[in-house]
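A short worksheet on the structure shown next.
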Amino acid sequence: MDPFRFLTAGESHGPTLGVTVEGIPAGLALTADDLAVDLGRRQKGYGRGARQAIETDRAEIMAGIRHGRTLGSPILLLVRNRDWESWGTVMQSAPLTDEEATALRVAAAEGVKRATPVTRVRPGHADLAGALKYGHSDVRNVLERASARETAARVAAGGVARALLRELGVEVWSFTAEVGGEAIDPASCSRSREDADASPLRCPDPDAEARMIARIDEARANGDTIGGVFEVIAHGVPIGLGSYAQWDRRLDAALAAAVMSINIVKGVEFGLGFEQTRRFGSAVHDIIDGRADDGHWIHRSNNAGGLTGGISNGEPIVVRGAVKPISTLARPLPSADLITGQPVDKAHYERSDISVVPAAGVIGEAMVMLTLARFVLETLGGDRMDVVTERMAAHRRLMASTPPGPMIGGRPVTPGGDETGSGGDD
């Protein structure tokens, strides 16, 4: 069993979201204020909708921490949904009384939208497949959990992972790299990390950001939505996390799955990603210049995105997520009714963001950090932070040390030349 895991619970308009984080060593300094930073960043970004004006996300620490330090036991966090107060009996967990059921039926008959069962499924959303899979006749039973609101709990858990990784010398951040086909130019990225994070789209290229904002405005004017690309970078990741030995121990595979699990992400790439397919190998692979005096291995480039053979190679990990346009459109697309199976002119609509690429980047950070935390603890072990910190320092020293010379039968041999071996690619 993995030493680290997390599980979320809760619906978009239920009373609260919850997340349990298990496997964090004892002695890690952690407060609700630490977790509030990323939760606040998740709610920002040009193109967000009205829900962000209602909610002020803050994680309440309910278990696993005493006097500002983790106990080594499971951590329980709650993020309250302020909008819950407006939904009342529509989303209550207790069975409806006869009076409550009658009141809801009357409200539905009078056209009160919240009280009316949802049967017009949305193209691009989990509505149809989810309703059929779980046997629901009201799509609200699907959309409440399939909603991206669930990711607030992931970001809260990611704050726990950030605190752990920061103690071990690993920092993770993200930025918006593209919106609606308008992409950053690395040569024009003049903003610092702090300035980029404070900008409307969390973008390091101000010129590109202006073009991105224009695309979002265009989508808004058309009652449409628009997607883009975020990039997450992890600095300080040591060599040696992950493994090539089995498919499910590869760090790149786990990171890809984690980022792809974000509700709106439809593609993931590392480093150069798909661009590698358009170049010759000589223009792709990162030349290794050797080991520096401090033991650090030097690569001339980082086209692999910090991952080779499923293992971290000491360079920054660079992962990008492709964010599709949001499925809920202000001018809904034609669709069909779940119950009748007949076409309808308009799919269901309540309210929606126009673009969420900056927020998706913060969620991407959380998923990357949660994955790195799992692999760090799997590699190092340890139930106490002082032990884990010592083991990380020892691991870094080991990765920077000179390996022993090759031996056969217990005796040293001369290393082979560049023609030795099969090449290992067959």
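If you wrap segment 289-411 in the convex hull of its Cα atoms and look at it from every side, the mean projected area works out to 15.7 nm².
Net charge near A322, counting Lys/Arg +1 and Asp/Glu -1 over other residues with Cβ under 12 Å of its Cβ?
Numbers: positive: K266, R320, K324; negative: E178, E231, E269.
So the environment of A322 carries a net charge of 0.
Each Cα pair under 8 Å and six or more residues apart adds its sequence gap; the mean of these over the residue count of segment 215-294 is a relative contact order of 10 percent. With a cut-off of 13 Å between beta carbons, the residues surrounding V268 carry a summed charge of 0, where Lys and Arg count +1 and Asp and Glu -1.
For segment 10-117, which GluC sites (Glu not before Pro) are both in a DSSP coil and crowded by at most 14 other Cβ atoms within 10 Å?
Here the sparse-neighbourhood loop sites are E110.
Take the Cβ atoms of L398 and W84, set R0 to 45 Å, and the FRET efficiency comes out at 0.35.
What size of dipole, in debye to the nearest 20, comes out for segment 330-385 about its Cα centre when the only charges are +1 on Lys and Arg C-beta atoms and -1 on Asp and Glu C-beta atoms?
Working: 5 positive and 7 negative charges, 14 e Å.
So the magnitude is around 60 debye.
If you take the C-alpha gyration tensor of segment 205-364, multiply each eigenvalue by 5 and take the square root, what semi-axes do you get, largest first, in whole Å?
Values: eigenvalues 313, 73, 35 Å².
Here the semi-axes work out to 40, 19, 13 Å.
Kindly provide the helix-only [θ] at 222 nm of the chain, computed as the sum of -39,500 (n - 2.57) over DSSP H runs of four or more divided by all residues, to the nearest 500 deg cm²/dmol? Walk me through the intermediate numbers first.
Values: 11 runs with 131 residues, N = 426.
Counting only the DSSP helices, I get -9500 deg cm²/dmol.
Sites count as exposed loop sites when they are chymotrypsin sites (Phe, Trp or Tyr not before Pro), lie in a DSSP loop, and have at most 12 other Cβ atoms within 10 angstrom; the longest stretch of the chain without one is 1-243.
Is the C-alpha gyration tensor of segment 115-230 telling us rounded, prolate or oblate? Criteria: a/c under 1.5 is rounded; beyond that, a/b larger than b/c is prolate, otherwise oblate. Walk me through the numbers before you get to the answer.
Details: a/c = 3.38, a/b = 1.44, b/c = 2.35.
Taking the square roots of the gyration eigenvalues as a ≥ b ≥ c, segment 115-230 is oblate.
Residues considered: G267, G306, G281. Largest GNM mean-square fluctuation over the chain, using C-alpha springs under 10 Å, is found at G281.
Evaluate Rg over Rh across segment 86-142, taking Cα atoms for both radii and Kirkwood's formula for Rh. Each step should come with its number before you reach the end.
Values: Rg = 12.4 Å, Rh = 12.4 Å.
Reported Rg/Rh, Kirkwood definition of Rh: 1.01.
Considering only alpha-carbon pairs that sit under 8 angstrom and 6 or more positions apart, the relative contact order computed for the chain is 21 percent.
Calculated from the alpha-carbon coordinates, the chain shows an Rg and a Dmax of 24.4, 88 Å respectively. Here's how it looks for G305: its modeled amide H is under 5 Å from those of G271, L272, which are all 5 or more places away or on a different chain. Lysines near K44 by alpha-carbon distance under 25 Å, same-chain residues fewer than 8 away left out - which ones? Candidates past the 8-residue exclusion: K266, K324. Using a Gaussian network model of the chain in which every pair of alpha carbons under 10 angstrom is joined by a spring, one finds that among A108, A157, A126 the greatest mean-square fluctuation is at A108. Extension gain, S190 to H285, is 31.4 nm, computed as 0.36 nm per intervening residue step minus the present C-alpha separation. Over segment 280-393, Cα pairs under 8 Å with separation of 6+ residues give a relative contact order of 13 percent. Note on K346: aspartates and glutamates with a C-alpha under 19 Å away, same-chain residues under 8 apart excluded, are D127, D138, D224, D337.
Counting only other residues whose beta carbon sits under 11 Å from that of A9, what net charge do I get with K and R as +1, D and E as -1? Don't skip to the answer; put the middle values down first.
On the way: positive: R145; negative: E11, E150.
Net of charged neighbours comes to -1.
Comparing V112, V284, V323 in a Gaussian network model of the chain (Cα springs below 10 Å), the most mobile by mean-square fluctuation is V112. Grab the beta carbon distance between V344 and A245, set R0 = 35 Å, and tell me the FRET efficiency rounded to 0.05. With R0 = 35 Å, the Cβ-Cβ based efficiency is 0.10.
Read-outs throughout are calculated quantities, based only on the coordinates presented, and are distinct from any laboratory measurement. What you see is a predicted model; the values in this text were computed from it and never measured. Counting neighbours? That spans all protein chains shown, and the Cβs are built from the backbone with ideal geometry, glycine included.
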